[in-house]
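Worksheet for the structure shown next.
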Amino acid sequence: MSLLAERQPNVLDFKPVSPEPGFGVYVHWPFCAAKCPYCDFNSHVRMKPIDQARYAAAFERELAEMGRRSKGERVTSIFLGGGTPSLMEPATVGIILNAIANIWTVAPDAEITLEANPSSVEATRFRGYRSAGVNRVSLGVQALNDRDLKRLGRLHDVDEALRAIGLAREIFPRLSFDLIYARPDQTVAAWEAELARAIDLAADHLSLYQLTIEEGTAFHALHAAGKLIVPDGDLSADLYEATQVLTRSRGLPAYEISNHAVPGAESRHNLTYWRYGLYAGVGPGAHGRLCYDGHRFATANETLPETWLQMVEDWDHGMVVEEALSLSEQADELLLMGLRLVEGIDVKRWSRLSGRPIDERAERDLTEHGMIERIGSDRLRCTPAGMLVLDAVVADLA
């Protein structure tokens, strides 16, 4: 049993999530069994077995280096993402979590999430993750019909997904799973039926993403060739609206554009990002935001796993970007991240960073068009209509 597992209660106390951003640690495991055709994340397929002991040692070294840059922080969340972290052995997860516990103070109720694919789920492996200290799992289900799972390049079928959900609910205090909608040939009625089934299966959190065609993916090439047709803007908007109505009526309202939770069960780690908190990013391709030497830094790591590994072994880290952010850049990031949230942004915090108030003319125009609204005098948020055109809203305000 890991140090974190020993320190944690068996069941999390589901208090309302603190409005403070907290401090997170993100660990990126870059390997997958197969590359999904829609995925533009930093994920890699390797035919030979991964030397997990060597990678675990590298994670320990880079975590220690990030700890030197963020002394005195109290970790409120840890997220093991990828890639497919459920391809890690529980012992590897234990080494990583022990390293974090030895470097920083970890809050007793820290949220510790591991992403998992249903095709790589085993009871013994899940119980091993739980013993290592993981208390929340995020399953990449993506669809609840076999035809679309095959289209999406997933290695599991619906039966495997259902078994994984059941197993996760049995073993972990908290569970989330992902679904992708606005898929080819999908109707509003079909999505509503699938989503209703997902809500019946859900514990306290769902992540519901519209399919986007990202450059460099297999889907991008098919779409460009006219071989992949996705819902148009009007149908996508109808699917989004149906998602909001159904989840809200069933007790999992949206707290962010694509994330829905029972109140109090929001993802603490993701809220750290969206509330523009600080977090250490370790592993190939990981990003971070840290404060040291009187500045807020944006960090980014080398993406190729083997190159990152050698860099860490040579220099204790794999960073290729370590950039001090200006106050105006921080204000823009705060706006971009915070307006994703239903709670919106703290206007005074934005003004302190930007050095100016919100542009009255831009705010008035967006308000008149139903894109944004005030919550009292201190907070500003997007309306549901504004969420659909978030980038445009941010551009107008920034």
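Each reported figure results from applying straightforward, stated rules to the coordinates on display, with no laboratory input. Quick caveat, the model's predicted, so the values are computed rather than measured. All Cβ positions, even for glycine, are placed from backbone atoms using ideal geometry, and neighbour counts span all protein chains on display.
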Long-range HN-HN contacts of residue 142 with modeled amide H, under 5 Å: 178, 179, 180
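Taking every pair of distinct Cα atoms and averaging 1/r, then inverting, what Kirkwood hydrodynamic radius in Å comes out for segment 199-277? Could the numbers behind the result be given before it?
Details: mean 1/r = 0.0689 Å⁻¹.
By the Kirkwood definition, the hydrodynamic radius is 14.5 Å.
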Cα→Cβ-extended label distance, 7 Å offset, between residue 122 and residue 262, nm: 3.1
Förster radius 51 Å - calculated FRET efficiency between residue 242 and residue 328 (Cβ-Cβ, nearest 0.05): 0.85
Cut-off 12 Å (backbone N to label point 7 Å along Cα→Cβ of residue 229), residues of segment 184-212: 184-186
Within straight-line cross-link reach of residue 48, aspartates and glutamates at Cα separation under 14 Å, skipping those fewer than 8 residues along the same chain: 306
5 Å-binned pair-distance histogram of segment 260-388 (Cα, whole percent): 2, 10, 16, 18, 16, 13, 12, 7, 4, 2, 1, 0
Hypothetical label at residue 287: residues of segment 83-108 whose amide nitrogen lies under 17 Å (7 Å Cα-Cβ projection): 83
Label-to-label distance, nm, for residues given as residue 46 and residue 105 (7 Å Cα→Cβ offset): 3.7
Furthest towards positive pole of dipole, 225, 259, 96, structure part segment 23-273, Cβ charges: 96
Partnerless cysteines, meaning none of the other Cys C-beta atoms lie under 4.7 Å away, in the chain: 32, 291, 382
The chain: relative contact order in percent, alpha carbon pairs under 8 Å with at least 6 residues between: 17
Nearby lysines by direct alpha-carbon distance to residue 227 (threshold 21 angstrom, same-chain neighbours under 8 apart not counted): 35, 150
Coordinate range along principal axes, alpha carbons of segment 310-351, Å, largest first: 44, 22, 11
At 0.890 mPa s and 25 °C, Stokes D of segment 326-397 from Kirkwood alpha-carbon radius, µm² per second: 206
Per-peptide average of other Cβ atoms within 10 Å, ordering 359-366, 336-343, 384-391, 52-59 highest first: 336-343, 52-59, 384-391, 359-366
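What is the sum of charges, Lys and Arg at +1 and Asp and Glu at -1, for the other residues whose Cβ falls under 12 Å from the Cβ of residue 198? Please list the in-between numbers first.
On the way: positive: 197, 250; negative: 178, 192, 194, 200.
The answer is -2.
For a quick protection proxy, order the peptides 159-172, 77-90 by their average other-Cβ count within 10 Å, most packed first. Before the final figure, lay out the partial values.
Numbers: 159-172: 17.9, 77-90: 24.1.
Descending mean neighbour count gives 77-90, 159-172.
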In nm, spacing of pseudo-spin labels at residue 199 and residue 356 (7 Å Cα→C-beta vector): 4.3
Length-normalised contact order of segment 216-364 in % [C-alpha pairs under 8 Å, at least 6 apart]: 15
